[in-house]
Amino acid sequence: MKALRRLLHEQSGFTAVEMIVTMALVTVVTGGMVSTFAIFDRVQTAWRDRNQARAVSVVAEEAIVRDARVYRVVSASGATLVLQAPSDGDGPTFTVSYSVNQAGQELIRTVQPGNSQTVVAHGVANMTASCNTGQKGVVHVLLSIAAVGAGPNDAKTVDDVPGFDVASRNQTGSVCA
Amino acid sequence: MGLVEVLVSVALLAVAVSALLGTSGTILVGANTAERRTVEQRLARNQLEQLEAGGACSNGSAPTGQPIDGTKYAISWDCPATSNSHYTEYRVTVTDPSGSYSLSAGKWVP
């Protein structure tokens with residue numbers, strides 16, 4: 001019994017002051033780390049969404065630019081961009097329109113007549129086409145991308161700002177001329 | 001182990017964490033700069049499209065528009081002399097507080 005008492009008496013440990021000081025300091029250091037990593041997480045999420053938006057936009061831009069270089073702009077208002085092949089005078093012409101299938105989040109290219117539809121890009125939530133107010137003959141297109149995010153509850157729409165301009169080479173009869 | 005040892009170890013931990021976070025901060029700054037260069041490239045391309053759609057080239061600048069992700073970009077352009085009178089070259093420079101980006105394009109004018 002005596003030996004046990006002596007053992008208990010000789011046990012050393014932290015004092016309450018030491019523990020309080022230690023815990024306070026560790027809390028401060030850990031708090032700084034956690035808040036910094038939270039900032040990193042937000043920034044990384046924003047970059048991921050923007051990168052996704054740019055990647056989708058590049059795919060969509062390629063098709064739109066290819067058509068806009070050749071055809072004249074019939075309509076560039078809101079969610080639809082309509083281009084028309086110039087007629088050579090003795091044959092029918094056709095139109096190429098770009099619109100968004102919001103249910104499937106796809107950018108659709110439709111050729112009329114014939115209603116031939118192809119998917120130009122996936123993950124497009126919206127498109128806004130307009131004539132550039134600063135320069136005639138230029139169409140401005142802004143795509144809103146459905147960013148996938150980290151999960152079903154993380155999905156959101158990201159605008160690919162500032163959008164892209166494309167100069168329509170054929171100005172005859174163009175609404176943007 | 002006494003209070004002095006605890007203080008010393010926490011101080012060492014803080015130094016190590018500070019170095020780690022400092023490195024991460026550098027990564028953030030670098031990535032932000034890369035993001036700005038990307039936006040500048042897009043703005044420069046858009047301006048080139050507008051210049052090419054226009055007529056004769058003349059030096060100019062665009063009014064600073066709405067900020068993009070909190071950054072305002074200044075756009076200016078000039079027309080470097082070319083050896084061919086039918087060839088017009090456009091050079092667009094987009095500038096923000098962290099740097100600038102230039103793109104050039106040319107157009108054959110019959």
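Here are some notes:
- Filter result for B:ALA105 (out of contact with any His (no Cβ under 8 Å at 6 or more places or on another chain) and part of a helix (DSSP H, G or I)): no
- Taking each residue of the stretch B:48-76 that is within 9 Å of another protein chain (Cβ to nearest Cβ) and looking for partners that are part of a helix (DSSP H, G or I) and polar (S, T, N, Q) with beta-carbon atoms closer than 7 Å, six or more apart or interchain, yields B:ALA62/B:GLN47.
- Among the conditions (1) away from every other protein chain (no Cβ under 14 Å); (2) of a type in the set (Asp, Glu); (3) more than 18 Å from A:ILE145 (Cβ to Cβ), A:ASP41 misses just one, which is (1).
- Filter pass, B:ARG42 being facing chain A (nearest Cβ under 7 Å) and either farther than 30 Å from A:VAL21 by Cβ or part of a helix (DSSP H, G or I) (or both): yes
- Hey, A:THR36 more than 42 Å from the chain's Cα centre (by Cα), modelled with pLDDT under 85 and within 13 Å of another protein chain (Cβ to nearest Cβ) or not: no
Table: residues versus (1) more than 11 Å from every other protein chain (Cβ to nearest Cβ); (2) modelled with pLDDT of 85 or more.
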| position | (1), (2) |
| --- | --- |
| A:LEU8 | yes, no |
| A:GLN11 | yes, no |
| A:THR30 | no, yes |
| A:GLN52 | yes, yes |
| A:TYR71 | yes, yes |
| A:LEU81 | yes, yes |
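- Identity of the residue in the stretch A:120-141, out of contact with any helix residue (DSSP H, G or I) (no Cβ under 9 Å at 6 or more places or on another chain) and in a strand (DSSP E or B), that ends up farthest from B:THR64 (Cα to Cα): A:ALA125
- Each residue in the stretch B:45-91 was checked for being loosely packed, with under 13 Cβ neighbours inside 10 Å and in a loop (DSSP other than H, G, I, E, B), and 18 of them qualify.
- The residues of the stretch A:133-174 that are surrounded by fewer than 20 Cβ atoms within 10 Å (Cβ to Cβ), over 25 Å from A:GLY104 (Cβ atoms) and touching a residue at least 40 places away in the same chain (Cβ under 8 Å), listed by number, are A:LYS136, A:ARG169, A:ASN170, A:GLN171, A:THR172, A:GLY173.
The values are calculated or read from the model by the stated rules, or taken from the named source; none is laboratory data. Predicted, not measured: the structure shown is a model, and the values here were computed from it. Quick reminder, even Gly has a Cβ in these numbers, built from the backbone with ideal geometry, and neighbours come from all protein chains shown.
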